[in-house]
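Working notes, structure below.
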Amino acid sequence: MQKNSRWHYLETAEQVADAACQQILNAATSAISERGKFKLVLAGGSTPEKVYRLLAESNANWANWANWFIYYGDERCLPADHQDRNSLMASRVFLDKVAIPAQQIYTMPAELGPEVAADRYKLAVTKAGMFDMVLLGMGEDGHTASLFPGHQHQQDELVHAVYNSPKPPPERVSISAKALSNTRELIFLITGTNKQEAVNLWRSGEDLPVAMIKPENPIDIYIDSDAFKPENGE
Ligand code: 6PG
């Protein structure tokens, strides 16, 4: 099993979202009081969507939205207003409902195609430096962000152009494992029975994309009972 990880076993996907939301708000409070900013990387997918709804509902003054900076771990190469864009989902359920300044939301220009978008987004990632918190999901094949099993990328790149994604659409943009690992805190959100096999492989040390994410601090994995049932005592 991946060392340097804290597994949080929860019963339902709602509890996963709730616990992650609390950790994000706590991280924001400390980052803003210590460094004046909270730099958060968002994920696509259905589990993160629940978290974004909760963040929007927690719309309290103390959330200090004016100091939040938003990035995306990956994006699908579709028109900017396409309903399957990760950015559209995050805007609809979260970003349009809170007072984060528009110029602090770094959307990937994925409508320009993988190469151009990756090239331009490098600048945003370079300027961001170390993130405060990265959110990631995991697909049933063990992919995370748009880092898929069997895909080869230059490890030193900050942002990759992705072709032939097995999860549609085939063209995507993804922050690299190296740049996603440059974060103070990192949360994986994993729910659903279709994740069981990948979770078991990951825990047994298989070389999956999720296992390439290795920040210096321990990562937090919030997982529901559909995706994994711990043995007694775990
Ligand atoms: C995307 C992703 C992807 C996602 C996982 C898990 O663009 O879809 O960023 O990596 O997070 O596939 O998605 P679910 O939470 O929907 O299972």
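The conditions of being open to solvent by 30 Å² or more (accessible area, probe 1.4 Å) and part of a loop (DSSP other than H, G, I, E, B) are not met by residue 8. Scanning region 21-64 for residues that are away from the ligand (no atom under 16 Å from the Cβ), polar (S, T, N, Q) and either open to solvent by 80 Å² or more (accessible area, probe 1.4 Å) or in contact (Cβ under 8 Å) with a residue 24 or more places away in the chain (or both) yields 22, 23, 26, 29, 33, 58, 59, 61, 64. Number of residues in region 187-211 that are touching a Leu at 6+ places or on another chain (Cβ under 7 Å) and not small (Gly, Ala, Ser) equals 7.
Listed by first and then second residue, the pairs linking a residue in region 129-149 that is in contact (Cβ under 8 Å) with a residue 60 or more places away in the chain to a residue that is of a type in the set (Asp, Glu) and surrounded by fewer than 23 Cβ atoms within 10 Å (Cβ to Cβ), with Cβ atoms under 8 Å apart and 6 or more places separating them unless they lie on different chains, are 132/185; 133/185; 134/185; 142/206; 148/141; 149/141. Taking first residues from region 186-199 that are of a type in the set (Lys, Arg) and partners that are within 12 Å of the ligand (Cβ to nearest atom) and open to solvent by 10 Å² or more (accessible area, probe 1.4 Å), the Cβ contacts under 6 Å between residues at least 6 apart in sequence or on separate chains come to 195/140. Do we find a residue being assigned to a helix (DSSP H, G or I), out of contact with any Gly (no Cβ under 6 Å at 6 or more places or on another chain) and either within 19 Å of residue 175 (Cα to Cα) or among the basic types (Lys, Arg) (or both) anywhere in region 37-46? Among the residues of region 37-46, not one is assigned to a helix (DSSP H, G or I), out of contact with any Gly (no Cβ under 6 Å at 6 or more places or on another chain) and either within 19 Å of residue 175 (Cα to Cα) or among the basic types (Lys, Arg) (or both), which makes the answer no. Just to be sure before I move on: is residue 103 farther than 20 Å from residue 48 by Cα, away from the ligand (no atom under 14 Å from the Cβ) and part of a loop (DSSP other than H, G, I, E, B) in the structure I sent? Against the criterion (farther than 20 Å from residue 48 by Cα, away from the ligand (no atom under 14 Å from the Cβ) and part of a loop (DSSP other than H, G, I, E, B)), residue 103 does not qualify. Restricting region 83-99 to residues that are in contact (Cβ under 8 Å) with a residue 12 or more places away in the chain and more than 18 Å from the chain's Cα centre (by Cα), the residue that is most open to solvent (accessible area, probe 1.4 Å) is 97.
Within region 184-208, if we keep just the residues that are of a type in the set (S, T, N, Q) and within 16 Å of the ligand (Cβ to nearest atom), the residue that is surrounded by the most Cβ atoms within 10 Å (Cβ to Cβ) turns out to be 191.
Looking only at residues of region 126-135 that are within 22 Å of residue 189 (Cα to Cα) and of a type outside the set (Phe, Trp, Tyr), we find that the one that is nearest to the ligand (Cβ to nearest atom) is 135.
Applying the criterion of being in contact with a strand residue (DSSP E or B) (Cβ under 6 Å, 6 or more places away or on another chain) and either more than 9 Å from the ligand (Cβ to nearest atom) or of a type in the set (Phe, Trp, Tyr) (or both) to the residues of region 136-176, the residue that is farthest from residue 212 (Cα to Cα) is 169.
The values are calculated or read from the model by the stated rules, or taken from the named source; none is laboratory data. Everything quoted here is computed from the prediction, not taken from an experiment. Every residue, glycine as well, gets a Cβ built from its backbone with ideal geometry; the counts of neighbours run over all protein chains shown. Surface areas here come from the heavy atoms of the whole protein model, side chains and all, with no ligands, DNA or RNA. Shrake-Rupley method; radii C 1.70, N 1.55, O 1.52, S 1.80 Å.
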